[in-house]
Amino acid sequence: MRSSDVDEPREADMADQTRLADALSQEDVEALIPKESVWRYRLRRLDIPVQLMRIAILFGIWALWHYDHVWDGLTSLSFFGWDRVEVFGWFGWSMTWFSWDFSILGIQPLPYVQETFRASPGETWEYFTQIYHEKLFWEDLWVTVKEALFGFAIGSVLGLLVGIVLGRFQRVAKTVGPFIVVINAMPKIAFLPLILIVYGVGETSKVVLAVIIVFFIVQVPTQAAVALVDPDLDLVARTMGASQRQLFTKVTLPGITPAVFGALRLSAVISVLAVVFGEIFSARRGLGQRLITAANQLSYGDTFAIVFILALIALIMNGAIGFAERKALRWQATQQGGQVISL
């Protein structure tokens, strides 16, 4: 069979496609694209049913908290929700329903909480209204945010670099890999007393603790992602004469970006937890000190308020990384990876 016998149909197909493209004008191509107004597009992205379900969940949580049902727990469940139901009380007699203790493997998941240790939404909101004009609170807030940002940034950069090197160069990974695994297996919190001795009780010790924890959260998935890059893509790029720099920017980096952003989103939250734990253990300033002080004073409304503030900090950091992920992964068919905060 001649090569021309194979090439002729392909050339004919290309000619047909060329004629079809010439036959369609720009207006015809635009007419084939379904049109959607801006407000319809925004309404579709908003997804009203999902938003209504979120509001319903928030209202349900608030109702349980407001009416103290969440503090009553499941230690004494009974029919109709009451341990004792009065029936025909005007006749002077009553009827008691059976009740039982609810536990799983001997553990009560939602135990009864004494009134002394309860906190209402009103008490929590009152703390927000009191600290709004308090200068010391904003200073403590900035200390915690600064420690979390520095710890996250330094730990992420180091973890990313080490993960890329170990994933790219197998001999280096075989040499230092076992030592990294052993260090990663150690509980990082156990190093906190030593870190405080070396770096003091200031902000540096909290940053160091966050760096140690964040480093491994980013390094491990980065190394795995680099090692799992499709070797066929690497081979094709080498065959086409790509340099090492082009292999990294065109093959390795796009392949590991989703995994790296996933690790960054997790490490952003963990960095806040790390610095707060360090502040609770020993610190001069920070929201962690405010948290442990409020708990020791049995001011659980203040405690819940500080916890919500810390959650908001982590959520903002998480959302910023998700926004960067959506911008960096616009070439993907789906954008589910970057939807950390979707409104």
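Here is a list of conditions, (1) in contact (Cβ under 8 Å) with a residue 40 or more places away in the chain; (2) within 20 Å of Ala153 (Cβ to Cβ), and Ile309 meets all of them except one; can you say which number that is? So the condition that Ile309 fails would be (2). For residues in the stretch 113-143 being aliphatic (A, V, I, L, M) and at pLDDT below 85, which is nearest to Glu203 (Cα to Cα)? Per the criteria, the residue is Ala119.
Name the residues in the stretch 183-201 that are exposed (fewer than 10 other Cβ atoms within 10 Å of the Cβ) and either farther than 16 Å from Phe277 by Cα or among the polar types (S, T, N, Q) (or both), would you? Within the stretch 183-201, just Ala185 meets the criteria. The set of residues from the stretch 143-182 being over 25 Å from Val229 (Cβ atoms) and either among the hydroxyl-bearing types (Ser, Thr, Tyr) or surrounded by 13 or more Cβ atoms within 10 Å (Cβ to Cβ) (or both) comprises Val143, Thr144, Val145, Lys146, Glu147, Ala148, Leu149, Phe150, Gly151, Phe152, Ala153, Ile154.
Filtering the stretch 110-122 to residues that are more than 28 Å from the chain's Cα centre (by Cα) and either closer than 19 Å to Thr293 by Cβ or in a loop (DSSP other than H, G, I, E, B) (or both) leaves Pro111, Tyr112, Val113, Gln114, Thr116, Phe117, Arg118. Among the residues making up the stretch 184-224, those that are among the β-branched types (Val, Ile, Thr), more than 27 Å from Gly255 (Cβ to Cβ) and in contact with a Phe, Trp or Tyr (Cβ under 8 Å, 6 or more places away or on another chain) are Ile189, Val207, Val208, Ile212. Residues in the stretch 204-222 that are buried (at least 22 other Cβ atoms within 10 Å of the Cβ) and either at pLDDT below 90 or more than 23 Å from the chain's Cα centre (by Cα) (or both): 1 in all.
The values are calculated or read from the model by the stated rules, or taken from the named source; none is laboratory data. Bear in mind the structure is a predicted one, so any value in this text is a computation, not a measurement. No Cβ is skipped: glycine too gets one built from the backbone with ideal geometry, and neighbour counts run over all protein chains shown.
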